[in-house]
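See structure below.
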Amino acid sequence: MKVIGIIPSRYASTRFPSKPLSMIKGKTMIQRVWEQAWKSKLDAVVIATDDIRIADEVLKFGGQYVMTDPNHRSGTDRCREALYRVEGSYDAVVNIQGDEPFIDPNQINQVIDLISRDDTQLASLAKRIEDEYELFSPNTVKVVMDKLGNALYFSRNPIPFMRNLDHEKWLQKGEFYKHIGLYAYKTDVLCEIAKMSPTMLETSESLEQLRWLENGFHIRMGITQIESLSVDTQEDLEKALQFANNQLVE
């Protein structure tokens with residue numbers, strides 16, 4: 001199976017404008033994401049952007065980019081356009097978040113292995129929640145799965161609900177998983193879901209993956225032990241800089 005990694009990268013982020021060009025120990029964030037992606041077993045990696053400043057930076061470090069419409073609703077939609085514009089044909093696409101400068105290549109390989117199965121339409125990852133704040137935070141997306149590893153539902157609320165049990169005991173009595181926002185799609189499935197209109201559940205929770213479930217698609221989930229570091233705010237960038245100073249030798 002031939003798999004391409006696509007990194008959606010917008011310049012005009014609402015919470016953190018110019019985020020992809022933030023410097024982390026001598027390299028921009030988008031360069032670090034690109035370099036980490038290439039350490040996996042992807043056959044190709046391309047950056048999908050809507051801004052010439054990001055495109056110029058990609059050229060500087062020797063990456064490949066495609067220009068995409070600035071009005072896309074989601075990274076999935078941007079991946080679909082990028083797939084249409086890139087040279088070559090691919091059986092599957094991995095959507096790699098452009099704000100995770102230290103993404104572990106093993107996680108990318110894990111979703112590649114999942115999407116390579118004949119019976120998998122879409123794939124993603126989950127990690128067990130061990131912190132009470134994360135469990136009850138609406139910023140942490142939770143997922144419940146069936147016995148085959150397919151996602152049943154995603155929510156910003158803690159799921160499942162532990163009836164007649166105090167909150168401080170939920171983690172002791174139940175198993176909870178947070179969603180890691182790394183997606184893989186079969187190429188034909190990506191083309192289908194990009195055409196779909198937003199659904200009621202998606203709009204309610206502000207989670208696009210619920211649109212796919214509502215339309216009858218299956219998302220195969222893999223369990224990871226790796227904690228990713230996502231940069232959404234200036235405060236997150238400070239954490240990334242601290243991590244770089246402590247961990248990177250270069």
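The values are calculated or read from the model by the stated rules, or taken from the named source; none is laboratory data. Please read these numbers as outputs of a predicted model, since none were measured by experiment. All Cβ positions, glycine included, derive from the backbone under ideal geometry; neighbour counts span all protein chains shown. SASA here: full protein model, heavy atoms, side chains in, ligands and nucleic acids out. Shrake-Rupley method; radii C 1.70, N 1.55, O 1.52, S 1.80 Å.
Cα convex hull, the chain: 133 Å³ per residue, rounded to a whole number.
Between the range 192-223 and the range 137-156, the C-alpha centres lie 12 angstrom from each other.
Listed by chain and number, the lysines whose C-alpha is less than 24 Å from the C-alpha of Lys19, apart from same-chain residues fewer than 8 away, are Lys27, Lys39, Lys60, Lys239.
At 1.4 Å probe size, put Phe243, Phe16 in order of accessible surface, largest to smallest. Write down the numbers at each step before the final one.
Values: Phe243 80, Phe16 20 Å².
Ranked from most to least accessible, the order is Phe243, Phe16.
Where only protein heavy atoms count, and the probe is 1.4 Å, what is the accessible area per residue for the chain in Å²? Working shown, then result.
Numbers: 12400 Å² over 250 residues.
Accessible area per residue, the chain: 50 Å².
The calculated pair-distance distribution of the range 1-98 uses every alpha carbon pair, bins of 10 angstrom beginning at 0, and gives 16, 54, 27, 3 percent. Shown for the chain are no DSSP H helices, since none reaches 30 Å along its axis, judged by Cα atoms, with a mean Kyte-Doolittle hydropathy of at least 1.0. The convex hull built on the alpha-carbon positions of the range 184-250 has an orientation-averaged projected area of 7.4 nm². Applying 0.36 nm per residue to the separation of Phe61 and Glu130 and subtracting their alpha-carbon distance, the gain on full extension is 21.0 nm. Counting only heavy atoms of the protein chains and using a 1.4 Å probe, Arg53 has close to 120 Å² of accessible surface. Think of each Lys and Arg Cβ as +1 and each Asp and Glu Cβ as -1; about the Cα centre, that makes the dipole of the chain roughly 120 debye. Potential lengthening of the chain between Ser116 and Phe16 amounts to 32.5 nm, from the contour at 0.36 nm per residue minus the alpha-carbon distance.
Translational diffusion coefficient of the range 81-197 at 37 °C, 0.692 mPa s, Stokes-Einstein with Kirkwood Rh over Cα pairs, in µm²/s as a whole number. Write down the numbers at each step before the final one.
Details: Rh = 16.1 Å.
Rounded, D is 204 µm²/s.
What's the extension gain from Glu192 to Lys2 if we count 0.36 nm per residue and subtract their Cα-Cα distance?
Details: separation 190, 0.36 × 190 = 68.40 nm, distance 1.91 nm.
Working it through step by step, the gained length comes to 66.5 nm.
Of the listed residues His72, His179, the order by accessible area with a 1.4 Å probe, largest first, is His72, His179.
What 222 nm value per residue comes from the helices of the chain, counting each DSSP H run with n ≥ 4 as -39,500 (n - 2.57) and dividing by all residues, nearest 500 deg cm²/dmol? Walk me through the numbers on the way to the answer.
On the way: 10 runs with 83 residues, N = 250.
After summing the helix terms and dividing by residue count, I get -9000 deg cm²/dmol.
Take the Cα of Leu229, step 7 Å toward its Cβ, do the same at Phe161, and the gap between the two points is 3.8 nm.
Taking square-rooted eigenvalues a ≥ b ≥ c of the alpha carbon gyration tensor, is the range 128-250 rounded, prolate or oblate, where a/c under 1.5 means rounded and, failing that, a/b exceeding b/c means prolate? Oblate. Note on the chain: dipole from Cβ charges, positive end direction compared against Ser137, Ala184, Gln97; the farthest Cα belongs to Ala184.
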